[in-house]
1. Contact list please: Cβ distance under 6 Å, first residue in region 85-104 and in a loop (DSSP other than H, G, I, E, B), second residue surrounded by fewer than 22 Cβ atoms within 10 Å (Cβ to Cβ) and small (Gly, Ala, Ser), pairs at least six apart or on different chains.
2. Tell me, which residue of region 158-206 that is of a type in the set (Asp, Glu) and under 26 Å from Leu55 (Cα atoms) is surrounded by the most Cβ atoms within 10 Å (Cβ to Cβ)?
3. Could you tell me which numbered condition Asp104 fails, if it satisfies all but one of (1) under 26 Å from Glu203 (Cβ atoms); (2) surrounded by fewer than 19 Cβ atoms within 10 Å (Cβ to Cβ); (3) of a type in the set (Asp, Glu); (4) modelled with pLDDT under 95?
4. So, in region 80-107, exactly how many residues are more than 23 Å from Asn133 (Cβ to Cβ) and of a type in the set (D, E, K, R)?
5. Within region 99-123, track down each residue that is hydrophobic (A, V, I, L, M, F, W, C) and farther than 23 Å from Phe215 by Cα.
6. Just to be sure, is Ser223 of a type in the set (Ser, Thr, Tyr) and either at pLDDT below 95 or touching a Ser or Thr at 6+ places or on another chain (Cβ under 8 Å) (or both)?
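The values are calculated or read from the model by the stated rules, or taken from the named source; none is laboratory data. Owing to the predicted nature of the structure, the values given are computational and were not obtained by experimental measurement. Cβ: placed from backbone, ideal geometry, glycine included. Neighbour counts: every protein chain shown.
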Amino acid sequence: MKRQGDDWDYWEVWESWDNLDREKNIINMMPSFTDSSMRFGMTSKPKKSLGQNFLINQGIVQKIIAAAELKNSDNVLEVGPGKGVLTFELAERVKRLVAVEKDDLLCDGIVEMVGKLGKVGIFNEDILKFDLNELKKEFQGEPYKVVANLPYNITSKFLRIFLEADYHPTEMILMVQKEVAERICAKPGQMSVLAVSVQFFCEPKILFKVSPGSFFPAPKVESAVIKLANISGDRFKVNQEKFFEIVKAGFSARRKQLKNNLKQIFGDNTELAIKSAGLKPEQRPQELEVGDWVKLVRLL
């Protein structure tokens, strides 16, 4: 619902819950909100069920904005604007901003603060169920970026939806759990299904790390801001279904060698296929980069 101012098997799901119950005087660390915005949940207690850890470090906010390299011709989707610390900065720099917030009270606060700006569209919805046709309509089918401090309990599902989508962003600047960032950006030797899946669609990079004290409440884990650049479902010119079928088989037993895991795909020709792709039958799945899996797909 728009607000105005007047299991996918291949992806690993990561959850980071904060169970701290400390209280701080957060208002002095936040931008100055109007009295009416305060009434609409901007001082409400963070909800664990929504994975809420609000960014309160203005220095990190500015680093995120700088990393996004925004132009006044850009369209931007912000996911979970929360108390609006990024929303203000984004709105004044871009052509069109769409903010999607699941929390009813926080959404009312965002509407009160920026809803009257003609270039901001606000939706009180779950981003995992958001109609991307509506987003396409908001941006008139033009390219867009995602800039977001993601709730950590939706990271995997969010990536799946937006990387696979026909109307996908050109790039994303995301705050995620540091461990997840490291897995997404892993190199051969440390690869996982998550790393292969994300790197199939884009070029990920860790930009900088963020300490727990930059949030309220402070999570028990460190965070990192990553950039997913050059997003495309057709980077390698191979059939996606076949690609992920092989990846799933290859990682079916992580500690086993490729010659064992890929028998379900290549049968008696498994070792020949592996060698034809320039690989060794004794290699393990975590040692392969995305391009290696692509070579195997092309042998089918």
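1. Listed by first residue and then by second, the contacts come to Lys95/Ser73.
2. Step one: of region 158-206, the residues of a type in the set (Asp, Glu) are 164, 166, 171, 179, 182, 203.
The next check asks that each one be under 26 Å from Leu55 (Cα atoms); those that pass are 171, 179, 182, 203.
On the way: Glu171: 19, Glu179: 15, Glu182: 16, Glu203: 15.
This residue is Glu171.
3. Exception for Asp104: condition (1).
4. The qualifying residues number 6.
5. Filtering region 99-123 down to residues hydrophobic (A, V, I, L, M, F, W, C) leaves 99-100, 105-107, 110-111, 113-114, 117, 120, 122-123.
Passing the criteria: Leu117, Val120, Ile122, Phe123.
6. Numbers: of a type in the set (Ser, Thr, Tyr): yes; either at pLDDT below 95 or touching a Ser or Thr at 6+ places or on another chain (Cβ under 8 Å) (or both): yes.
Considered against the rule, which asks whether it is of a type in the set (Ser, Thr, Tyr) and either at pLDDT below 95 or touching a Ser or Thr at 6+ places or on another chain (Cβ under 8 Å) (or both), Ser223 comes out as yes.
One line per residue, one yes/no per condition, for (1) of a type outside the set (A, V, I, L, M); (2) assigned to a helix (DSSP H, G or I); (3) at pLDDT 50 or above; (4) in contact with a Ser or Thr (Cβ under 9 Å, 6 or more places away or on another chain):
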| position | (1), (2), (3), (4) |
| --- | --- |
| Asp21 | yes, no, no, no |
| Pro31 | yes, no, no, no |
| Ile65 | no, yes, yes, no |
| Lys83 | yes, no, yes, yes |
